[in-house]
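Would you mind keeping the following structure in view while I ask a few things?
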Amino acid sequence: MNGRERLLPDYMAEISEHTEIRRGTPLPLGTHEWMGGVNFALFSRHAYRVRLELFDQPTDSMPSRVIDLDSTRNRTGDVWHVWVGGLPPGQLYGYRVDGPYQPKEGHRFNFNKLLLDPLATAITAPFSWDFSSACGDDLSVSGSGQALSTVDDAGSVPKCVLTHDHFDWHTDKPLRHGWSRTIIYETHVRGFTIRENSGCEHRGTYQGLIEKIPYLKDLGVTAVELMPVHEFNEKQAAQLRSPTGAPIKNYWGYDPVAFIAPKASYSSAGSRGQQKLEFKEMVRALHGADIEVILDVVFNHTAEGDESGPTLSLRGIDNAIFYMLEEDKRFYRNYAGTGNTVNANHPVVQDHILDALRYWVVEMHVDGFRFDLASILGRDGHGNLLANPPLIERIAEDPILRGTKLIAEAWDAAGAYEVGSFFQQSWAEWNGRYRDDVRRFWRGDDGMLGAFASRICGSADVYAKSGKGPEASVNFVTCHDGFTLNDVVSFRYKHNDANGEGNRDGVDENCSANYGVEGETSDIEINLIRKRQIKNFFVTLLISRGVPMMLGGDEFRRTQGGNNNAYCQDNDISWYDWDALERHQEIHQFVRNMIAFRQAHPVLSAERFYTETEIRWSGVDPTPPDWNDPKARQLACLIPEGGHGALFLMFNAGTDAAMFPVAHAPSGAYWHVVVDTSLAPPHDFAGADSERLWNPGRAYHVAPRSSVILVAR
């Protein structure tokens, strides 16, 4: 019987009034199985009363047991704690925390609110739960904060779940792939397999992702980067309506309600702790296929929103500690664009974040993290960017975390942009400049030759000054936030009407092109250009120094119909259409071949910048290109591989064909044409066995908007 089939036992066990209760211990925070019972520990500095309530069912409004924590016996410093014996896995619980309700002083305690443990390891919720049932405390429209909600919400809000830590990991251990080996596949657990044509039995779940591991392994990626899998409320965006009047859901999940609880609706087996078990099975299975697991984590804000938002956890536990507040403490600083900002560099909040990260690594075996809007984590309590942010340094130097992959989204919604300068060498970064410059080069913009050359060489102009190498640059052309690759070559403008915001949301500049028709077309010539451009983007991504990251589904031309901000589209707009894999087998095979090509040529992924002797530039003349010519759109380079090996790369982003002089191959070797994106398969990628030789004395005719790779052997 596998782990998924083992149902958690006796979660309905009756909690006796004679259950043994002890003082407990203040550490670790959260829940901890210990000596036949469970220790509960919760931080709250300004509270003067804490109550632990135990429940039998998610919809129960009355607890089966109430345990009031004594402020002398059950408090050590600022931590409230109690040990309760005999609690089974699957037991539900929540907290009530009482203290001053003084919004002008930053305090928003409300004993009527059942609160989530910020370090709960699982959450279960009523099926109909939405934020309207967890409304804000302030009843005044002005947000003056003088009115306090007296509605007890226990029956309509989520509850925490006790889970067992035991799991048979077999021989699983961290994979620790080097950056030079890493190829990242960004995807969404639900969207990846939720369509019926995914062929999965357990669609839209962790188990469904397990079923797709053979596909990922065959593609050749070495890591999956999962969009948020922490617990969030899908109905958070319910106040918006699509043009058809249908409610809009929170699909992406960038609004956490608990930092370490795996999303319950992504479990195929249940929500009383089974989600934790199934997540572990997914990690174990991915590791068994030599694929790392990177989580997209959100520590910069929570789902509690601004002063009119719901009280779910941190706001009711100690608002003045956990959040950045304005000088008028009734209001929240908003550097994430979501209503609030976590006060990440407060020492207590740092500890909560570090505890959460360590839990994912130690207990759940994940291999790394991508930090959403990471620049916020470098702001002090007043919102100022710090030169040496303590949290960022602590994460990088933590003995548990320092060996994991740490990736920063090095900007925020308040104007910070730290690409190339995000703290120390141990942090990699999403390279937004790579995306923009590569898109603009292939679109044919003026003056992009030098920037394009720098991007394929690892972006030394961005990273060298801070002492980082190309491994710090996570290169991407597309990600979840923006157009898919198909849409980059099919739409000039965003088409976000389905989001219910009048097409005002999402960025206006996408560095994209439609090549004559906006969106889908039957025009043969336009479709040939689009197909060629997709191949050009993948060639560029997979020959560039740095760490390539591809958006899942781009390998078979997944489209969002021009929507560049599909955060709320839990439907066909976002879901992977697996029939497209058959329709676009040519692109899929090309991507698969290019991934294998990168792995077969380590010179492309070396963790250092090229020296002048390691790369030689040319163009339509054998001499170095004129980097200052704004009209130049042709570039070539010779990259020795040692011995008799070498690569000769040619790029033509112009609308006319170009003749490229071909460099001499190393002594005793011959040039073989391996890639030409202008050709139909199988000649677009002839591979290592290519018998198509090229005489260096002849110039190579590179078609418009095409890439060519020659390999010497």
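The values are calculated or read from the model by the stated rules, or taken from the named source; none is laboratory data. This one's a predicted model, so the numbers in the text were calculated from it and none came from an experiment. Note that each Cβ is placed from the backbone with ideal geometry, even for glycine, and that neighbours are counted across all protein chains shown. Areas reflect the complete protein model, heavy atoms only, side chains present, ligands, DNA and RNA absent. Shrake-Rupley method; radii C 1.70, N 1.55, O 1.52, S 1.80 Å.
Note down the relative contact order for the chain as a percent, whole number, built from C-alpha pairs under 8 angstrom at least six residues apart.
10
Given labels modelled 7 Å from the Cα in the Cβ direction, how far is it in nm from Arg49 to Asn384?
So the label points at Arg49 and Asn384 sit 4.0 nm apart.
Can you give the FRET efficiency to the nearest 0.05 for Gln425 and Glu614, using r as the Cβ-Cβ distance and R₀ = 30 Å?
0.90
With equal scatterers on the alpha carbons only and no solvent term, can you work out the Debye log10 of I(q)/I(0) for the range 624-670 at 0.13, 0.17, 0.29 1/Å?
At q = 0.13, 0.17, 0.29 Å⁻¹ the computed log10 ratios are -0.38, -0.59, -1.11.
Right, next: Convert each backbone phi in the range 444-460 into a coupling constant with the Karplus relation 6.51 cos²θ - 1.76 cosθ + 1.60 (shift: θ = phi - 60°), then list the ³J(HN,Hα) values in order as whole Hz, x for Gly and Pro.
x, 5, 5, x, 9, 4, x, 5, 4, 4, 5, 5, 6, 9, x, 6, 4
To the nearest 20 debye, what is the magnitude of the charge dipole of the range 263-312 about its Cα centre, counting +1 on the Cβ of each Lys and Arg and -1 on the Cβ of each Asp and Glu?
Dipole about the Cα centre, nearest 20: 360 debye.
Related question: Could you rank the peptides 68-81, 354-367 by their average count of other C-beta atoms within 10 Å per residue, with the highest value first?
354-367, 68-81
Related question: Round to a whole number: what % of the accessible area of the chain belongs to carbon and sulfur, probe 1.4 Å?
51
Something else about it: Given Lys249/Lys276; Lys217/Lys405; Lys159/Lys280; Lys235/Lys468; Lys249/Lys535; Lys468/Lys535, which pairs have Cα atoms separated by over 32 Å?
Lys235/Lys468; Lys249/Lys535
Give, in nm to one decimal, the length gained when the segment between Leu148 and Glu501 is fully stretched (0.36 nm per residue of separation minus the Cα-Cα distance).
Here the answer is 123.9 nm.
If you take the square roots of the eigenvalues of the alpha-carbon gyration tensor of the range 524-565 and sort them as a ≥ b ≥ c, do you get rounded (a/c under 1.5), prolate (a/b over b/c) or oblate?
Oblate, because a/c is 1.5 or more while a/b does not exceed b/c.
Pop the C-beta distance of Leu175 and Ala600 into the FRET formula with R0 = 22 Å and round what comes out to the nearest 0.05.
Using R0 = 22 Å, I get an efficiency of 0.60.
Here is a further query. Please compute the modelled spin-label separation between His701 and Asp656, points set 7 Å along Cα→Cβ, answer in nm with one decimal.
Those two pseudo-labels are separated by 1.6 nm.
Then there is this: Helix-derived [θ] at 222 nm for the chain: sum -39500 (n - 2.57) over DSSP H runs of at least 4, divide by residue count, nearest 500?
That comes out to -5500 deg cm²/dmol.
What base-10 log of the normalised intensity I(q)/I(0) is obtained for the range 305-421 from the Debye formula, alpha carbons as equal point scatterers, at q = 0.19 Å⁻¹?
For the range 305-421, the Cα-only Debye profile gives -1.07.
Along the charge dipole of the chain, pointing to its positive end and built from +1/-1 on Cβ of Lys, Arg, Asp and Glu, which listed residue (Val591, Val342, Gly450) has its Cα farthest out?
Of the listed residues, the answer is Gly450.
Here is a follow-up. With only Lys, Arg, Asp and Glu charged, each at its Cβ (+1 for the first two, -1 for the last two), find how big the charge dipole of the range 456-565 is about the Cα centre; round to the nearest 20 debye.
Using Cβ point charges on Lys, Arg, Asp and Glu, the range 456-565 gives about 480 debye.
What lysines could a cross-link reach from Lys104, if we take a straight Cα to Cα line under 21 Å and drop same-chain neighbours fewer than 8 places away?
Cross-link targets: Lys113, Lys329.
Let me ask something else. Using only the Cα atoms of the range 188-323, what semi-axes does the equivalent ellipsoid have when each is the square root of 5 times a gyration tensor eigenvalue? Give whole Å, largest first.
29, 19, 13
A further question follows. Return the sequence-ordered ³J(HN,Hα) values of the range 273-284 in whole Hz as given by the Karplus equation 6.51 cos²θ - 1.76 cosθ + 1.60 applied to θ = phi - 60°, using x for Gly and Pro.
Going residue by residue, I get x, 4, 4, 5, 4, 5, 4, 4, 4, 5, 4, 4 Hz, with x marking Gly and Pro.
Okay, next question. Can you give the relative contact order of the range 558-713 as a percent, counting alpha carbon pairs under 8 Å and 6+ residues apart?
Contact order relative to length: 20 percent.
Applying the Karplus parametrisation 6.51 cos²θ - 1.76 cosθ + 1.60 with θ = phi - 60° to the phi angles of the range 165-178, what ³J(HN,Hα) value in whole Hz is obtained for each residue in order, glycine and proline being reported as x?
Working through the residues one at a time gives 7, 5, 7, 7, 7, 6, 9, 4, 8, x, 7, 6, 4, x Hz.
Which of rounded, prolate or oblate describes the range 520-644 when judged by the alpha-carbon gyration tensor and an a/c cut-off of 1.5?
The shape class here is prolate.
Okay, moving on. Summing Lys, Arg as +1 and Asp, Glu as -1, what charge do residues with Cβ under 12 Å from the Cβ of Phe685 carry, Phe685 excluded?
Local charge sum for Phe685: -1.
A further question follows. Starting from the 7 Å offset along Cα-to-Cβ, what nm value, one decimal, do you get for the label separation of Ala688 and Ser64?
Roughly 6.0 nm, to one decimal.
Name the residue from Trp360, Ala460, Val257 whose Cα lies farthest towards the positive end of the charge dipole of the chain, charges +1 on Cβ of Lys and Arg and -1 on Cβ of Asp and Glu.
Of Trp360, Ala460, Val257, it is Ala460.
Let me ask something else about it. Taking N as the number of residues in the chain, what value does Rg over Cα atoms divided by 2.2 N^0.38 Å take?
Its radius of gyration relative to the 2.2 N^0.38 Å reference: 1.02.
Under the rule of at least 5 residues apart or a separate chain, name every residue whose amide H is placed under 5 Å from the amide H of Ala223.
Here the answer is Ile183, Tyr185, Glu292, since their amide H atoms fall under 5 Å of that of Ala223.
Just flag the GluC sites (Glu not before Pro) in the range 296-334 sitting in loop per DSSP whose Cβ has no more than 13 other Cβ atoms within 10 Å.
When the GluC sites (Glu not before Pro) of the range 296-334 are filtered for loop state and at most 13 Cβ neighbours within 10 Å, Glu327 remain.
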